[in-house]
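To keep things clear, I will list the structure first and then write my remarks on it.
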Amino acid sequence: MEISERPWGSYEVILEHSGYKVKKITVNPGGKLSLQSHEHRSEHWIIVSGTAKITIGKATQEREAGSSVFIKRGVRHRLENETNKKTELIEVQLGNYLGEDDIKRYEDIYGR
């Protein structure tokens, strides 16, 4: 599988079929994904290692390995790694369109 590098870390598509996509996401220490939403998909995140600061809507929470969250389509969300170790998660996307361009960014420290 091909690894796609991003300013905050990387992701790898593990599996993709009509209606769903599974990714392994690695967030480097200090990495912060953009505050974003998706018009065409929902996401389920399962933290498999490290600690993540997760924002969904107006609520922010810390989550550790073994926990999961569900993000409904259209809801603003963000994942951050404020620790000094990598955070890894499995992301399951569900929807009728799963393209990387289905991202509406509201805040992004990397200027994208």
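The values are calculated or read from the model by the stated rules, or taken from the named source; none is laboratory data. Small disclaimer: the values here were computed from a predicted structure and weren't measured. All Cβ positions, even for glycine, are placed from backbone atoms using ideal geometry, and neighbour counts span all protein chains on display. Heavy atoms of the whole protein, side chains included, go into the accessibility calculation; ligands, DNA and RNA do not. Shrake-Rupley method; radii C 1.70, N 1.55, O 1.52, S 1.80 Å.
Here is how the numbers come out for the structure above:
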| quantity | calculated |
| --- | --- |
| Total residues in the stretch 1-44, condition in contact with a Ser or Thr (Cβ under 6 Å, 6 or more places away or on another chain) and touching a residue at least 60 places away in the same chain (Cβ under 8 Å) | 4 |
| Any chance Arg63 is surrounded by 14 or more Cβ atoms within 10 Å (Cβ to Cβ) and either assigned to a strand (DSSP E or B) or polar (S, T, N, Q) (or both) | yes |
| Residue pairs meeting the criteria (Cβ under 8 Å; at least 6 apart or on separate chains; first within 8 Å of Ile47 (Cβ to Cβ), in the stretch 57-73; second outside any loop (DSSP other than H, G, I, E, B) and of a type in the set (Phe, Trp, Tyr)) | Ser68/Trp45 |
| Residue pairs meeting the criteria (Cβ under 6 Å; at least 6 apart or on separate chains; first at positive phi and modelled with pLDDT of 95 or more, in the stretch 79-104; second surrounded by 16 or more Cβ atoms within 10 Å (Cβ to Cβ) and among the acidic types (Asp, Glu)) | none |
| Top-ranked residue of the stretch 49-60 - restricted to ones that are touching a Ser or Thr at 6+ places or on another chain (Cβ under 8 Å) and not β-branched (Val, Ile, Thr), ranked as surrounded by the most Cβ atoms within 10 Å (Cβ to Cβ) | Ala52 |
| Residues of the stretch 12-28 that turn out to be more than 10 Å from the chain's Cα centre (by Cα) and either open to solvent by 20 Å² or more (accessible area, probe 1.4 Å) or β-branched (Val, Ile, Thr) (or both), as a count | 11 |
| Selection count where residues are exposed (fewer than 13 other Cβ atoms within 10 Å of the Cβ), of a type in the set (Asp, Glu) and farther than 22 Å from Ile46 by Cβ, scope the stretch 74-112 | 2 |
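The rows are residues; the columns are (1) open to solvent by 30 Å² or more (accessible area, probe 1.4 Å); (2) in a strand (DSSP E or B).
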position: Ser10; (1), (2): no, yes
position: Gly30; (1), (2): yes, no
position: His44; (1), (2): yes, yes
position: Ile47; (1), (2): no, yes
